[in-house]
Amino acid sequence: KSNMARGNLILIEGLDRSGKTTQTTRLVETLQRKGKEVELIKFPDRTTPIGRLINAYLVDKSFQLSDQSAHLLFSANRWELAEQIKQKLENGTNIILDRYVYSGIAYTAAKGLDFQWCKNCDIGLPKPDLIIFLNLINNETRSGFGDERYEIKSFQEKVKTQFELFFNEQNWHTIVVDHQTIEQVEDKVWKLVFPLVDHETTTPIDLFK
Ligand code: NYM
């Protein structure tokens, strides 16, 4: 079974309102059109019991939670789905992730918590075969900005600084999305995804370290 083809784990990361949801949705549609097995998983997954707590924390700025507790909830939300993700990959399904461990680390480290502490609880989660970071140089002008906790320009700048610490990470690719159409970004995403899904992936699923 170990040398059977498995699905690819593909992550799209980025700051708030950078177009992740649009791009992950389009990527899933493209892969389906090509006849590939594919599923979209968005983090936080707000539908689980832990996810509902996270949602309350994000939409209600008076919801009290220590930064450490909030961080651990986001990580627990990923661990809730880890086994299911592995199983699906092994069964040949490609999984597209909308945010993952890098968001977890960047948002909490931006609050001033220790970077390594932020990483620790995610160690051992399945590691993406491809990470695409949608970089936004100017994020306050995008529509919808400002509704939820964290959607403040000064904080987003700090988050970006933390994300930049991953720019040399293996499998990491950055796409600058400012002044680009959805189609132009979609095309760049596809150029990164295509080589991966075009051949059979037989290497074991890597783990986040
Ligand atoms: N977020 C997301 C975190 O702070 N930690 C995490 O681990 C994850 C996955 O949740 N502002 C933050 C980033 C976003 C917010 O995400 C909600 P989205 O993609 O806007 O639903």
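The values are calculated or read from the model by the stated rules, or taken from the named source; none is laboratory data. Computed from a predicted model, the values in this text were never measured in an experiment. When we count neighbours, we look across all protein chains shown, and the Cβ atoms used for this are built from the backbone with ideal geometry, even at glycine. To get the accessible areas, we keep the full protein, side chains included, count just its heavy atoms, and leave off ligands, DNA and RNA. Shrake-Rupley method; radii C 1.70, N 1.55, O 1.52, S 1.80 Å.
Computed values, structure above
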| read-out | value |
| --- | --- |
| Qualifying residue in the range 75-89 (condition: in a loop (DSSP other than H, G, I, E, B) and more than 13 Å from the ligand (Cβ to nearest atom)) | no |
| Residue count, the range 192-209 (criterion: in a helix (DSSP H, G or I) and over 17 Å from Pro128 (Cβ atoms)) | 1 |
| Complete set of residues in the range 102-146 that are farther than 19 Å from Gln68 by Cβ, touching a residue at least 24 places away in the same chain (Cβ under 8 Å) and within 14 Å of the ligand (Cβ to nearest atom) | Pro128, Ile131, Phe133, Leu134, Leu136, Asn139, Arg142, Ser143, Gly144, Phe145 |
| Single match in Ala56, Ala5 (criterion: more than 17 Å from the chain's Cα centre (by Cα) and under 27 Å from Gly146 (Cβ atoms)) | Ala56 |
| Test: residue in the range 170-182 that is assigned to a helix (DSSP H, G or I) and loosely packed, with under 13 Cβ neighbours inside 10 Å | yes |
| Residue satisfying all of: in the range 38-81; open to solvent by less than 60 Å² (accessible area, probe 1.4 Å) and in contact with a strand residue (DSSP E or B) (Cβ under 6 Å, 6 or more places away or on another chain); farthest from Pro128 (Cα to Cα) among these | Val38 |
| Residue ID - nearest to the ligand (Cβ to nearest atom), chosen from residues in the range 157-172 that are under 16 Å from the mean Cα position of the chain (by Cα) and of a type outside the set (A, V, I, L, M, F, W, C) | Gln162 |
| Among residues of the range 20-35, those that are open to solvent by 20 Å² or more (accessible area, probe 1.4 Å) and under 12 Å from the mean Cα position of the chain (by Cα), counted | 1 |
| The one condition in (1) modelled with pLDDT of 95 or more; (2) among the hydrophobic types (A, V, I, L, M, F, W, C); (3) open to solvent by 70 Å² or more (accessible area, probe 1.4 Å) that Ile137 fails to fulfil | (1) |
| Members of the range 57-74 found to be within 9 Å of the ligand (Cβ to nearest atom) and free of Cβ contacts under 8 Å to residues at least 24 places away in the same chain, listed by number | Leu73 |
| Filter pass, Ser154 being within 23 Å of Ile54 (Cβ to Cβ), modelled with pLDDT of 95 or more and within 16 Å of the ligand (Cβ to nearest atom) | no |
| Hits in the range 82-96 (condition: loosely packed, with under 14 Cβ neighbours inside 10 Å and among the charged types (D, E, K, R)) | Glu83 |
| Among (1) in contact (Cβ under 8 Å) with a residue 12 or more places away in the chain; (2) under 30 Å from Gly92 (Cβ atoms) - the single one Asp198 does not satisfy | (1) |
